[in-house]
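**Student:** Please see the structure below; I have some questions.
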Amino acid sequence: MANANTLTTLDAVHTGIISAIAAQFTALKTVAAYPMDRKALTIPACLIELTEMTAINDEDPGTEQQAVYARFEARLIIGFRQTSEKNPKLEIRKLAAAVGAFVRAKRWGCPIGPAELIGIYQDDFDPELDQYEVWRVEWQQIIHLGESVWTGYDEGEVPQRVYLGIAPEIGPDHIDDYVEITGLLGIPEPPPDVSEIPEGEP
């Protein structure tokens, strides 16, 4: 669709992810993105990170935005010491499985593609988290970057003139090849610009 609603921001997507996970998993004491000090975390915790954006050059909703596969990680963290009857090694796996199931097909309240789960993995490679049990959930979803050329039209603005171009002779390099079809679509002709009327003419 030419007026597809694909306009969002990375801020909005991160906020949506954090809010949804925090609301669903109320036992988590920390749900955050990119905390500066990960050695003093309040656990159990879930740390969100956008790790990669891969271009999708054949995905175009008609907005002239750049489509990417945005790859996210939710790193789940609990203490490694067994302080109760619950085994932390089992509990972290159960938590990771539950988050993985929850992530599936989510859009986080944003006009983006549904989340596609990539995998759920044990994570032992971060020295800052060596005192914890850590698993990560990875997923990807399509996000369109940049401004939409249709911004404003969805808010009630009607184009004053409509032109038709025939592929492949389209785009800025072929602007002289376009034909105006305003009247054919039932859109009334806009009033003349009085500044262009020569003096002495009505």
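Every number here is computed from the coordinates shown, using simple stated rules; none is lab data. Note that the coordinates shown come from a computational prediction; the quantities given were computed from them, not determined experimentally. Note: ideal-geometry Cβ built from the backbone for every residue, glycine included; neighbour counts use all protein chains shown.
**Student:** Cα to Cα, under 27 Å, and not fewer than 8 places away if on the same chain: which lysines meet these conditions relative to Lys86?
**Tutor:** Lys29, Lys39, Lys94
**Student:** Considering every Cα-Cα pair within the range 1-92, what fraction, in whole percent, is farther apart than 17 Å? Please report the intermediate quantities before stating the final value.
**Tutor:** Details: 2578 of 4186 pairs.
Beyond 17 Å sits 62 percent of the P(r) for the range 1-92.
**Student:** So for Thr151, Thr63, Thr26, fewest C-beta neighbours within 10 Å to most, what's the order?
**Tutor:** Working: Thr151 12, Thr63 21, Thr26 7.
So the residues, fewest neighbours to most, are Thr26, Thr151, Thr63.
**Student:** What span do the alpha-carbon atoms of the range 82-142 cover on each of the three principal axes, reported in whole Å from largest to smallest?
**Tutor:** The principal-axis extents, from largest down, are 42, 26, 17 Å.
**Student:** Going by how many other Cβ atoms sit within 10 Å of their own, how do Cys46, Cys110 line up, fewest first? If you can, show how the numbers build up before the last one.
**Tutor:** Numbers: Cys46 25, Cys110 21.
With the fewest neighbours first, Cys46, Cys110 line up as Cys110, Cys46.
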